[in-house]
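A.B. asks: The structure follows.
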Amino acid sequence: MEKVTIITYLSVFIGIGASLSIDVLFATLTRLREKGSFLDWAVIVAVLHALLPAASFTFAWFAGQLDESADIAVGLIGFGLVALYLYEEFCEKIGKESKTQLIETVGKKLGVERKDAGVLVLGTGVSIDSFLFGPTLIATMDQLNLTLTEAYLAFAVIGVTVFTITLTTLALPSIFRLLSKWCGWQVESELAIVHFYADLAVFSVIGGFGLLSLWGTTGFETYITLSIIASTIFWSVLFVIFRNELMESECREAKEAIE
């Protein structure tokens, strides 16, 4: 198999880092109302977004070296974790109670509470998705023909991406206020729309890697792009069906962010 180019490599893992940064963005906007070092906050969430998926990836990779059945099990577990995570997140956004409690369970195992406002606690809370995402990167490693070293370097790329986006987020409230003043924009509604489509992108990208992990267990060759396209179609339908409920949730988050 031909080696992946540096452009493709960076595009894939910067894209992953960006998709995992959306929840960090709103958590950062919340922290703007608190005292403390925003640089420390950016470093914490960046390191956690690199180390947590690296840890779950390492476990999954070593498990997959045992035999073929273990490799298939890792793929199914990766898909299952992503599917459960996205299901619970979607239920929360549309105001429905999920039938499972994966996020709460993982949070308790990590010693954190989802809504806790402490810096390290909140940083871990918004990084749980990256921990669950780790096993799906096994399929990505195979797809891109990466060495183990290249796979681990990818977590550094993800961490740097999260760090950069987090610091950039610090300027957003000022930008929103200027737009409101100069352009007469209803910042709350505009921000809600942006967050709506950002969430769709996040669900589509993370769901795509979940599908890639699943299809990797079948032995058939598939591609990251096709997996993300299939995931995008699926989530686009759900986002259209539940648009009203989702927009209500996005408006609440937008209002909290700019108050």
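The values are calculated or read from the model by the stated rules, or taken from the named source; none is laboratory data. Bear in mind that the values here come from a model prediction, so they are computed numbers and not experimental data. Methodologically, a virtual Cβ is constructed for each residue, glycine included, from the backbone with ideal geometry; neighbour enumeration extends over all protein chains shown. These accessible areas exclude ligands, DNA and RNA; they are computed on the full protein's heavy atoms, side chains included. Shrake-Rupley method; radii C 1.70, N 1.55, O 1.52, S 1.80 Å.
A.B. asks: Looking at region 39-61 only, could you name the residues that are among the aromatic types (Phe, Trp, Tyr) and in contact with a helix residue (DSSP H, G or I) (Cβ under 7 Å, 6 or more places away or on another chain)?
C.D. replies: TRP41, PHE57, TRP61
A.B. asks: Is it the case that region 237-254 has a residue that's open to solvent by less than 40 Å² (accessible area, probe 1.4 Å), modelled with pLDDT under 75 and in contact with an Asp or Glu (Cβ under 6 Å, 6 or more places away or on another chain)?
C.D. replies: Yes; the residues of region 237-254 include at least one that is open to solvent by less than 40 Å² (accessible area, probe 1.4 Å), modelled with pLDDT under 75 and in contact with an Asp or Glu (Cβ under 6 Å, 6 or more places away or on another chain).
A.B. asks: When you scan region 1-81 for helices (runs of 4 or more DSSP H) that lie fully inside it, which ones turn up with 3 or more residues that are at pLDDT 80 or above and over 21 Å from LEU132 (Cα atoms)?
C.D. replies: Because the criterion is at least 3 residues that are at pLDDT 80 or above and over 21 Å from LEU132 (Cα atoms), the helices (runs of 4 or more DSSP H) in region 1-81 that meet it are 6-19.
A.B. asks: If you don't mind, there's one more thing I want to ask. When you look at ALA171, is it open to solvent by 30 Å² or more (accessible area, probe 1.4 Å) and either modelled with pLDDT under 85 or among the hydrophobic types (A, V, I, L, M, F, W, C) (or both), yes or no?
C.D. replies: yes
A.B. asks: Moving on to the next point. Cβ-Cβ distance below 9 Å, separation of 6 or more or different chains: which pairs start in region 14-25 with a residue that is of a type in the set (Asp, Glu) and end on one that is modelled with pLDDT under 75?
C.D. replies: If the second residue must be modelled with pLDDT under 75, the pairs left are ASP23/GLY125; ASP23/VAL126; ASP23/SER127; ASP23/ASP129.
A.B. asks: Restricting to region 121-168, what's the tally of residues that are modelled with pLDDT of 85 or more and either within 18 Å of ALA18 (Cα to Cα) or open to solvent by less than 10 Å² (accessible area, probe 1.4 Å) (or both)?
C.D. replies: So the answer is 15.
A.B. asks: Here are some residues: ILE193, ILE228, ILE206. Which one is open to solvent by 30 Å² or more (accessible area, probe 1.4 Å), assigned to a helix (DSSP H, G or I), in contact with a Ser or Thr (Cβ under 7 Å, 6 or more places away or on another chain) and modelled with pLDDT of 70 or more?
C.D. replies: Result: ILE228 is the single residue among ILE193, ILE228, ILE206 that is open to solvent by 30 Å² or more (accessible area, probe 1.4 Å), assigned to a helix (DSSP H, G or I), in contact with a Ser or Thr (Cβ under 7 Å, 6 or more places away or on another chain) and modelled with pLDDT of 70 or more.
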